[in-house]
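A.B. asks: The structure under discussion is supplied below as structure tokens; questions concerning it will follow.
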Amino acid sequence: MIARSLRNRGRWTSWAAACLIASACIGCANSSSSGSNAGGSNDVEPKSPEKLSEVAVPSSFTFETTETVDIEVVTAGRHDGFIVIVLEPGTPDYDPHRALKKAKGEAGSSFSGSVRIEAGASSVPVVLFENGALEFHEVTIIDRRAELSR
Amino acid sequence: MGTRHLFTLFVLLVIGGLAAVDPRLTGQTVSPPLFDAFAYDTDGDGVVDEFDDHPSDGSRAFDTVEPTRGERGRVAFEADWPLRGDDDFNDAVFAYRFVKTASADGHWVEWEATIDVVATGTTTPLGVAISFPRLASVLGRATVSRDFCSAVPVEPEDGTRSVFVLTDNMLDTAGAFPGAGTEGESFVGERFVLTVQFQRGIPIAKFDGALDLFVFYTDEPSREIHRPGVEPTDFADLGLFGTFDDASDLRAGRTYLSDAGLPWAIELPHEWQHPKEGADLAVAYPELVDWIESGGDVNRTWSRAPNVEEVRP
């Protein structure tokens with residue numbers, strides 16, 4: 001019994017050692033695959049600055065939170081002209097409470113104007129009212145310009 | 001006529017009146033509708049009432065509203081320019097709404113800027129002013145009202161731009177004192193309303209402008225503080241640029257930024273909780289740092305995610 005006990009202890013010791021080695025390997029693998037640092041398991045997450053004066057500001061950054069976008073709307077000739085309504089970015093449908101700018105255009109004319117919106121929007125909703133009907137358009141902003149042609 | 005007959009007559013009158021309002025009661029169709037905002041043009045200016053912001057005034061039709069119809073914006077200043085301060089951006093904080101009214105035929109009628117003092121976290125007396133593109137050739141009349149008092153005429157200081165001074169010292173008014181609005185106390189600051197009325201026939205396509213709200217030192221009016229990238233007025237001391245912590249390059253249009261790229265004023269196009277006294281902006285708004293370091297690509301909503309322990313409620 002004692003001999004079997006000794007043999008078992010040896011077996012358990014080997015098994016325990018294998019488990020320890022395996023867990024260490026798993027720990028290494030996790031530390032190298034997590035976080036934004038690629039390359040080494042010794043990379044450390046940068047500490048966020050605690051003061052504005054410690055922030056690394058890109059040279060071209062100007063803290064701009066709003067921007068002016070030029071709007072151009074060109075319509076084909078209609079009977080009685082049109083109304084153009086520019087809405088806040090992100091407005092899913094015509095909502096008079098979210099209108100930024102409105103203007104009236106004569107039949108066959110175009111509208112040119114500008115609106116100030118939160119910086120970074122990729123599109124701006126534009127609603128046209130022509131001949132008694134509302135049309136909703138999501139107009140892409142490219143280089144601070146949104147063009148709609150109908 | 002007996003009581004029963006009077007009662008019956010009364011009931012018939014009520015039913016008839018309701019039927020005139022709600023045709024479902026009688027099964028009849030009311031035609032045309034009693035009111036259709038898409039069909040009616042009350043003031044006859046060619047814009048149906050649904051889209052007319054002034055449906056009973058034929059001289060006005062469309063309002064362009066900044067930042068939005070639902071919220072006021074904020075402009076917040078650090079007042080020590082050209083030196084850096086404690087970066088709590090509460091030395092002077094204002095809520096603003098800017099409404100530009102045009103006629104149906106596309107001519108400016110009026111611009112109105114409403115400015116509310118939200119915080120005065122400095123002991124330095126500061127004046128408050130608004131500059132617009134030069135209005136000399138288009139201006140009809142301008143007035144300023146303070147705290148809902150009667151509006152008084154005001155003349156702009158005209159240079160390259162037209163400058164309207166709202167107050168020479170925002171601390172020199174009832175309800176304002178150094179530190180007001182920077183801690184937990186309830187504070188309602190002064191309201192200024194600047195109204196600019198245009199001469200007739202100024203087309204919106206040929207003249208437009210954004211609101212430039214800025215502060216200046218009461219005892220040194222040529223020491224102006226604007227948002228980054230905004231040019232100073234003709235009345236500013238250009239000799240202050242490039243001194244101390246300022247690293248402006250006027251020729252490149254890079255103004256009011258430090259050598260580390262930090263501003264002395266920020267604008268938020270929505271309601272905003274400014275930091276408490278001495279609370280660094282980066283601590284008050286934890287998502288700010290990544291927004292800056294990414295060049296504005298991430299955390300664009302940083303200004304809507306405050307650390308509630310570090311901002312005014």
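A short reminder: the numbers here are calculations on the coordinates, not readings from a lab. All values derive from a computational prediction rather than experimental measurement. Note that we place each Cβ from the backbone using ideal geometry, even for glycine, and neighbour counts take in every protein chain shown.
A.B. asks: Taking chain B as a Gaussian network, where each spring joins two C-alpha atoms under 10 Å apart, which residue of B:SER56, B:SER222, B:SER258 fluctuates the most?
C.D. replies: B:SER56
A.B. asks: Would you kindly state how much longer the chain becomes between A:GLU72 and A:SER122 on full extension, computed as 0.36 nm times their sequence separation minus their alpha carbon distance, in nm to one decimal? Could you put the intermediate results ahead of the total?
C.D. replies: Working: separation 50, 0.36 × 50 = 18.00 nm, distance 1.57 nm.
Extending this stretch completely gives an extra 16.4 nm.
A.B. asks: What is the Cα centroid distance between region B:236-313 and region B:166-220, reported in whole angstrom?
C.D. replies: Cα centroid of region B:236-313 versus Cα centroid of region B:166-220: 20 Å apart.
A.B. asks: A further question on this structure: Return the loop-located chymotrypsin sites (Phe, Trp or Tyr not before Pro) in region B:70-169 (DSSP other than H, G, I, E, B) with at most 11 other Cβ atoms within 10 Å of their own Cβ; answer none if there are none.
C.D. replies: On the way: sites: B:PHE77, B:PHE89, B:PHE94, B:TYR96, B:PHE98, B:TRP108, B:TRP111, B:PHE148, B:PHE164; in loops: B:PHE89, B:PHE148.
Listed in order of number, the matching sites are B:PHE148.
A.B. asks: Across peptide B:289-296, how many C-beta atoms of other chains are within 10 Å of each residue C-beta, on average?
C.D. replies: Details: counts 8, 2, 4, 8, 8, 2, 6, 9.
Taking all residues of B:289-296 together, the mean is 6.
A.B. asks: Grab the Cα-Cα distance for A:ILE142 and A:LYS51, subtract it from 0.36 nm times how many residues apart they are, and report the gain in nm with one decimal.
C.D. replies: Values: separation 91, 0.36 × 91 = 32.76 nm, distance 3.46 nm.
My answer for the length gained is 29.3 nm.
A.B. asks: Sticking with this structure for a sec: How well do other chains shield peptide B:255-265, expressed as the mean number of their Cβ atoms within 10 Å of each residue Cβ?
C.D. replies: Per residue, the average neighbour count from other chains is 3.
A.B. asks: Quote to one decimal, in nm, the extra length available between B:VAL154 and B:THR173 on full extension: 0.36 nm per residue of separation minus the C-alpha distance between them.
C.D. replies: So the chain would gain 5.0 nm between B:VAL154 and B:THR173.
A.B. asks: Further, regarding this structure: Using DSSP to call loops (not H, G, I, E or B), can you name the GluC sites (Glu not before Pro) in region A:68-133 whose Cβ has at most 16 other Cβ atoms within 10 angstrom?
C.D. replies: A:GLU106
A.B. asks: Can you pull the one-decimal nm distance between simple spin-label points at B:ASP237 and B:GLN199, each 7 Å off the Cα toward Cβ?
C.D. replies: 3.7 nm
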